[in-house]
Structure formats: structure tokens, C-alpha cells
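Only one structure is covered here, and it is reproduced in the block below.
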Amino acid sequence: VQIKGCMSVDGKTTDGQIAAQLKQSYGIAPPQPTINKARNAIIGSALEDQQREFQYIQAWLARVQEKHSDTIVEHTVEDGRFSRAFISPGAARLAWKQCKPFIAVDGTFT
């Protein structure tokens, strides 16, 4: 899990590391119990849920493809962990052919 792009939080991340990063990046120092509560909400009990739900990913993706046979479904597992999934609904691929090329120029940072 990312904290607004400034750091990754996983099961090994300590409250102290989060506090230091928040202080450095945003100049804020939330109380330690607040940081602990947030970390546990992100990682804590969710870790067991994530590990249990991982077992259902492949079955869920197979079910999507079973119900929509024109859907392309791929997923990658690395070191026994879910890495990524790609789902391309058949209807979206058919609609893509009807899209017209579009070029936009954004001068925000010029």
C-alpha cells in the first residue's frame, strides 16, 4: 500500500518509519496511537484476509471468463504471491474499433 506515493507500507513497516516519512514529506507528526491504528487498518488484520482471499483469485477470474467467453483474462503469480491481473471484456474490445484517434496537448507544465 502506498502513502500518497511517498512510501510503501507492508507487514514489515514500523510505526516509527511511517512517522518519520510523514514528518519528512508533509511536516506532520500524528500521535503514535493514530499511526498504529492506521497501519493496522491498512495491513494488520487485512493481511490474513488478503492471504485467504488470494486463494479465490484464480477461481474468480475463471468464473469471469466462463460467464463471458469473449473476455480475455490473464494473471501472474510471483513467488507464490499475486502480482497482477489483466481483464479485457469482449464488449470493450469490440467498442475499441469504433473509437476515433484523439490527440490532446496539455500545457500545464510548459
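Kindly indicate which of Phe54, Phe82 is surrounded by 14 or more Cβ atoms within 10 Å (Cβ to Cβ) and not basic (Lys, Arg).
Going through Phe54, Phe82 in turn, just one is surrounded by 14 or more Cβ atoms within 10 Å (Cβ to Cβ) and not basic (Lys, Arg): Phe82.
Show the residue pairs meeting these rules: Cβ distance below 8 Å; 6+ apart or different chains; first residue within the stretch 93-104 and in a helix (DSSP H, G or I); second residue of a type outside the set (Val, Ile, Thr).
Cβ pairs passing all conditions: Arg93/Asp70.
Residues checked against (1) under 21 Å from the mean Cα position of the chain (by Cα); (2) not hydrophobic (A, V, I, L, M, F, W, C):
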{"site": "Tyr56", "(1), (2)": "yes, yes"}
{"site": "Ala59", "(1), (2)": "yes, no"}
{"site": "Ala62", "(1), (2)": "yes, no"}
{"site": "Glu74", "(1), (2)": "yes, yes"}
{"site": "Glu78", "(1), (2)": "yes, yes"}
{"site": "Arg84", "(1), (2)": "yes, yes"}
{"site": "Lys100", "(1), (2)": "no, yes"}
{"site": "Ala104", "(1), (2)": "no, no"}
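Six or more apart or on different chains, Cβ under 8 Å: which pairs go from a residue in the stretch 70-90 that's of a type in the set (Asp, Glu) to one that's surrounded by 12 or more Cβ atoms within 10 Å (Cβ to Cβ) and in a strand (DSSP E or B)? Could you list them?
Glu74/Ala85
We did not get these values from a lab; they are worked out from the coordinates using the rules stated. None of the values given here were measured: they were computed from a predicted structure. Don't worry about glycine lacking a Cβ; one is built from the backbone with ideal geometry, like all the others, and counts go over all protein chains shown.
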